[in-house]
Amino acid sequence: MIELEGVPELVDPVMVAAFEGWNDAGDAASTAVAHLHREWKGEVFAALDAEDYYDFQVNRPTVFLENGVRKITWPTTRLSVVRVGGDKPRDLVLVRGIEPSMRWRSFCNELLAFAHELGVEMVVILGALLGDTPHTRPVPVSGVTSDPDLARTMDLEETRYEGPTGIVGILQEACTHAGVPAVSLWAAVPHYVSQPPNPKATLALLNRLEDLIGMRVPLGELPEDARAWQVGVDQLAAEDSEVAEYVQTLEEARDTAELPEASGEAIAREFERYLRRREPGTGPGSGPGVATDGGDSAFLREAGGRTRPPKPEKPEKPERPGPGAVPDAESAPDPHAGDGGGGGPADGNGPADGPGGAPEGPETTDGSPGASGGTESSGAVPPDAPDGGSEEK
């Protein structure tokens, strides 16, 4: 039994989780959870034992200096709590870490033990995948669940996927078997500009999370960062005629498809979001349990990030399609036939996955994707997603 000290009783808590690696294209999902931790001043209250779940030759620890003293940060998964005030207060339990190298079932069971002890009412897992989506259009975000009743009541897709999966899929299934309502939100990241960061995809995930849990999420500088990112990619794409032509092809395919953004339900969600942002008193709460700037320094350093995204790297040249070949215009990118992304070194500078990529390592005996290097920071299209361009499980 887990005993928690110093964690106050939470109000209608929701657990929001994201994991770096295979299920985190462009670092969009893990950056979203880091943003929530930073904006709401989360307080770290627990960290899983790194030696239980991580291969340190795959995810290496890092050494840093703090006031002249050398310290080590171990790759792990940390949990923090944020208190959100307002007319309808609701607390969040944030889970952010790296996809584990081993013992996935024990990993999920430990997270579920925390959820049970804290009285978590629902688990939301964020993910991002690579797909044939243009950077100039709204980022497709889909919500999926394994619970048919939850799919009906919350207007989600019920996953039908069969095939290899990542920790996002395993955790969602573990929640389902434990009787904990669980939802996965997946953002599609353009495969030709997969390098992190991708503030536009992060912003889309946070907007969808806001709609799901009915809370106003402080966006800070993310909207401005997303605009700057798109302008930067526009400029780089304009410098290469092949890339510009390919982007135009994706735009035409996307525009001829049925766009969820143009549906009546999407317009209604956007209007509700606008009204929430006008409501006073929906900012962070106060009192016991609200973290201060003196929280866990390692987590805050990892979660801090940039206030401005760096200039995007030059988009990768897409492979020229054969005669008569056009992108699928029926839906957002289908990750069922998608790429599994291999990992890079621990500093996150892994190889970018281009179109048609595949997992760089075989499945291990415990179900985790095989590793090819260090910490994965720009996951490719995980295949465990529902039809229609969003992820699964």
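Between Ala178 and Arg227, the simple spin-label model (points 7 angstrom out along Cα→Cβ) gives 4.2 nm. Computed over protein heavy atoms with a 1.4 Å probe, the accessible surface of region 186-259 works out to 37 Å² per residue. First compute the accessible area of region 65-138 with a 1.4 Å probe, then give the percent of it belonging to carbon and sulfur atoms. The computed percentage sits at 48. Rounded to whole Å, give me the distance from the Cα center of region 198-262 to that of region 46-76. That distance is 34 Å.
For region 1-126, the solvent-accessible area works out to 43 Å² per residue, with a probe of 1.4 Å and every protein chain left in place. Within the accessible surface of region 164-215, defined with a 1.4 Å probe on protein heavy atoms only, the carbon and sulfur portion equals 63 percent.
Quick check: from the Cα gyration tensor, does region 55-112 come out rounded (a/c under 1.5), prolate or oblate? It is oblate, given that a/c is not under 1.5 and a/b is not larger than b/c.
The values are calculated or read from the model by the stated rules, or taken from the named source; none is laboratory data. Just so you know, these numbers come straight off a predicted model, no measurement behind them. For neighbour counting, all protein chains shown are included, and Cβ atoms are generated from backbone atoms with ideal geometry for every residue, glycine included. The area values use the complete protein model at the heavy-atom level, side chains included, leaving out ligands, DNA and RNA. Shrake-Rupley method; radii C 1.70, N 1.55, O 1.52, S 1.80 Å.
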